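First the structure, in the form of structure tokens, and then the observations on it.
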Amino acid sequence: MHLFVCQAQIMVWYQRFMPPDAKELGAIAHGPKLLAQVEGVTVGLRSIVAYTSGLELAVVVVAKGVHADALLRQYTAPAITDPETGRRRPGETHGRPLRLRALEDSVLQPIRHRDGQGYENSEIQQREYLFELTPLPDTEDLPLIAEWPEIGLGPVTTHLKLPPPAVLAAAIIPLS
């Protein structure tokens, strides 16, 4: 099985916005499911929604303690002084986000769609991600590897069982 990855439409998953040109509501393929849990880091699959074009995977990462500090460092950089204006401007993101890929396809690196602003307090950091896998897989087995070594999460493999391909495709609800 070869899966191809492309960037999804611009939307923020956790608010359940659909792109203006959406042609279908989709179908629930899986979720929720714990993908990884090591000391200080938890990765959870909120849901997988199937569309005729492929799967969207909504994933959340929660980090605590030193792992939360490491996660925050992935999204912040020191302010930079603009040499022309002399004003300070925010630094650019310098870290790496969560990586999620299919086990059988070493090329597959689902593109981070758009992470939310996240949530933080003095003890935890939380980030939301939306990944897209295209086309719709023709298998029931979806083995995923989640990893984020920069915050203390080595590769963790989870085997997900999707509905049979014909059943999943038939369950996709069109909007028109």
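Over all other residues within a Cβ to Cβ distance under 13 Å of Gly54, the charged ones net out to -4, with Lys and Arg as +1 and Asp and Glu as -1.
The listed residues Glu84, Glu132, Glu120 rank as Glu84, Glu120, Glu132 when sorted by accessible area, largest first, using a 1.4 Å probe.
Among the chymotrypsin sites (Phe, Trp or Tyr not before Pro) found in segment 118-176, not one is both in a DSSP coil and sparsely packed, with 14 or fewer other Cβ atoms within 10 Å of its Cβ. Distance between the 7 Å Cα→Cβ label points at Lys23 and Leu175: 1.2 nm.
Mind ranking 44-50, 153-159 by how tightly packed they are, going by the mean number of other C-beta atoms within 10 angstrom, highest first?
Values: 44-50: 20.3, 153-159: 14.9.
The most tightly packed comes first, giving 44-50, 153-159.
The values are calculated or read from the model by the stated rules, or taken from the named source; none is laboratory data. Predicted, not measured: the structure shown is a model, and the values here were computed from it. Positions of Cβ are generated from backbone atoms using ideal geometry, with glycine treated the same way; all protein chains shown enter the neighbour counts. Just the protein is used for accessible areas: all its heavy atoms, side chains included, with ligands, DNA and RNA removed. Shrake-Rupley method; radii C 1.70, N 1.55, O 1.52, S 1.80 Å.
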